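Down below is the structure, laid out as C-alpha cells.
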Amino acid sequence: MAIFDNDGNRISYDSDELIRELKADIEEFGNFRAKAYYKRENGAQLYTDYQFEEDEPEGNYDLVDAAFLLKYLNKQNDPI
C-alpha cells in the first residue's frame, strides 16, 4: 500500500516513531479520537503528528479514530 500524489507518484513518509507512539497510546487508552495533524505534498495528505481530541489544536488537523490513523500511518510509511 502507498500514498499517491496528484501526479500519481507514490509518496513515502517516515512514520516509524509516530506509529510506535500511537500503538502505545491505543494499548493504554483504546481507540480514542485524535486530532491528526497533516501536511500536503503535491496533493498527498501526510499525517505528521497527533494529539488527544481535548488538547488545544496547533495547526491543520483532521479529527479521526486512532485505529484509522494507525492504518493510514502504516500506509504512508510504506517504502517506495
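The values are calculated or read from the model by the stated rules, or taken from the named source; none is laboratory data. All figures in this text were calculated on a predicted structure; none of them were measured in a lab. When we count neighbours, we look across all protein chains shown, and the Cβ atoms used for this are built from the backbone with ideal geometry, even at glycine. The protein model used for the area step is the full one, side chains on, heavy atoms only, and it has no ligands, DNA or RNA in it. Shrake-Rupley method; radii C 1.70, N 1.55, O 1.52, S 1.80 Å.
In terms of its alpha-carbon gyration tensor, the chain comes out oblate; a/c meets the 1.5 threshold, while b/c is at least as large as a/b. Using the Karplus relation 6.51 cos²θ - 1.76 cosθ + 1.60 with θ = phi - 60°, the per-residue 3J(HN,Hα) values for the stretch 60-71 come to 6, 8, 10, 8, 9, 6, 4, 5, 4, 4, 4, 4 Hz, with x marking Gly and Pro. Relative contact order of the chain, taken over Cα pairs closer than 8 Å and 6 or more residues apart, is 43 percent. Label-to-label distance, residue 20 versus residue 65, with points set 7 angstrom from Cα along the beta-carbon direction: 2.7 nm.
The calculated 222 nm mean residue ellipticity attributable to helices in the chain amounts to -10000 deg cm²/dmol, summing -39500 (n - 2.57) over DSSP H runs of n ≥ 4 and dividing by all residues. Between residue 7 and residue 52, the FRET efficiency estimated from the beta carbon spacing at R0 = 25 angstrom works out to 0.10.
When the chain is described by a simple charge dipole with +1 on each Lys and Arg Cβ and -1 on each Asp and Glu Cβ, the residue from 13, 46, 2 located farthest towards its positive end is 2. Surface composition of the chain: carbon and sulfur make up 44 percent of the accessible area, probe 1.4 Å.
When the surface is traced with a 1.4 Å probe over the full set of protein chains, residue 72 keeps roughly 50 Å² accessible.
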